[in-house]
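This report concerns only the one structure given below.
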Amino acid sequence: MVDINIQFFDNNVYFLTKLFSHTYLIIVALAGMYCISGHKSLIVLSAVCLLASACCKKRVYCTSGSIEVAFTGFQRAETRTIVLKRYKVNDHSKALDSAQFIYNGSKPIPVKGNDTLWLSDYTTVGLLRNITADNDWEIYNPYTGRHYLINSISQEGHTFQLEKCSGKETQCFNKITGFGINGGWNASDKLYIQK
């Protein structure tokens, strides 16, 4: 360690920031300060710390995106309450949990065209919020008595992504690429339930 000199730092700081962790860089910088006298050690330490923070990357693990659900062409009373149930994949004998979605909004009803209400506009009674991969799902409309079974949800295959260590929270979502609906296939991340 005594033979470390400025030239080593000048040529290899960038390489070291990519190859080693911040802890190692701090140890190298301290060793450099020990070996270098005068103001040069402060400059070297500042440069190493600056490069380390600029090159910092953290691994953010991706979670499943969600299917956006919309009800189109219904009267408000027909979609006032919706029930969402979550099942194990290919096992619909018993729901793992369920939630009621209640629309209490005052969104204006269009004079012409279809009325569209998104499930995200509803108030939720229960812990479920979104339809995501890794489960099968059922949407039940108590007014019409219709059931919509959602299964075989496919998504992008990202496991993680590298983000700069900026201190702010970042999230990574795998976009839904398709899903089964009542025996059919929808190659999208949106489900439009029509009257």
**Sequence-distant residues sharing a close amide H with ASP115 (under 5 Å, placed H)** = GLY73, PHE74
**In sequence order, calculated HN-Hα J values of the range 71-80 (Karplus, 6.51, -1.76, 1.60; Hz; x Gly/Pro)** = 10, 10, x, 8, 6, 4, 4, 6, 10, 4
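What FRET efficiency comes out for LYS195 versus LYS175 if R0 is 41 angstrom and r is the Cβ-Cβ distance? Round to the nearest 0.05.
On the way: r = 28 Å, r/R0 = 0.68.
Plugging the Cβ-Cβ distance into 1/(1 + (r/R0)^6) gives 0.90.
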**Complete:** The set of residues whose placed amide H lies less than 5 Å from the amide H of SER188, leaving out same-chain residues fewer than 5 positions away, is GLY178, PHE179
**Message:** Show me, bin by bin at 10 Å from 0, the whole-percent P(r) of the range 62-194 based on Cα pairs.
**Reply:** 11, 38, 32, 14, 4, 0
**Fill in**
Pairs over 27 Å Cα to Cα, from LYS58/LYS190; LYS85/LYS175; LYS57/LYS85; LYS107/LYS195; LYS85/LYS195; LYS88/LYS175, come to LYS58/LYS190; LYS57/LYS85
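If Lys and Arg each add +1 and Asp and Glu each add -1, what is the summed charge of the other residues whose beta carbon sits under 15 Å from the beta carbon of THR123? Don't skip to the end; give the middle numbers.
Working: positive: ARG76, ARG80, LYS107, ARG129; negative: ASP121.
Here the count lands on +3.
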**Prompt:** Per-residue HN-Hα couplings for the range 143-153, Karplus 6.51 cos²θ - 1.76 cosθ + 1.60 at θ = phi - 60°, whole Hz, x for Gly and Pro?
**Reply:** 5, 8, x, 8, 10, 10, 8, 10, 8, 6, 6
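For the residues TYR122, TYR103, what sequence is obtained by ranking on other C-beta atoms within 10 Å, fewest first? Write out the running numbers ahead of the final one.
Values: TYR122 22, TYR103 19.
Result, fewest neighbours first: TYR103, TYR122.
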**Message:** If I take R0 = 45 Å and measure r between the Cβ atoms of VAL125 and LEU162 in this structure, what FRET efficiency does the formula 1/(1 + (r/R0)^6) give, to the nearest 0.05?
**Reply:** 0.70
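Here, each number is a calculation from the coordinates, and none is a lab measurement. Predicted model only: the values in this text are computed from it and were never measured. Because the Cβ atoms are built from the backbone with ideal geometry, glycine has one as well, and the counts that use them run over all protein chains shown.
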